[in-house]
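Taking it in order: structure first as structure tokens, then the write-up.
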């Protein structure tokens with residue numbers, strides 16, 4: 001039964017939609033995170049630049065890591081609810097015969 005589901009057009013479309021969203025976003029986030037790590041290690045002057053008060057560039061970058069994590073989670077939830085969940089429900093119904 002798994003092979004039949006795995007080769008169905010709806011399942012293939014579900015995999016394509018999932019991968020086309022998740023892989024680029026993961027690559028982008030990893031680049032963003034590694035940029036922060038590399039800049040913190042080798043661009044100390046830039047990262048230590050004070051923007052105002054005791055807030056420097058490194059602190060802003062660090063806080064933006066949290067913000068971007070929550071934005072990505074929110075964005076994935078919206079994408080999943082609108083594009084993936086209906087298709088996965090259809091695949092599940094076809095697989096179980098409901």
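Derivation of every value follows stated rules applied to the coordinates shown; laboratory data play no part. Source: prediction; values computed, not measured. Heads up, the Cβs are rebuilt from the backbone with ideal geometry, glycines too, and the neighbour counts pull from every protein chain shown.
Among 1, 39, 47, a tally of other beta-carbon atoms within 10 Å of each Cβ gives an order, fewest to most, of 1, 39, 47. Of the labelled figures [x] 1.11; [y] 1.62; [z] 1.29, only one reflects Cα Rg over 2.2 N^0.38 Å as derived from the coordinates, namely [y]. For segment 58-98, backbone nitrogen atoms closer than 20 Å to the point 7 Å from residue 5 Cα along Cα-to-C-beta are found at 80-81, 83-98. Full extension of the chain segment joining residue 31 with residue 79 gains 15.1 nm, where the gain is 0.36 nm per residue of separation less the Cα-Cα distance.
Helix content alone sets the calculated 222 nm mean residue ellipticity of the chain: runs of n ≥ 4 DSSP H residues at -39500 (n - 2.57) each, divided across all residues, give -26500 deg cm²/dmol.
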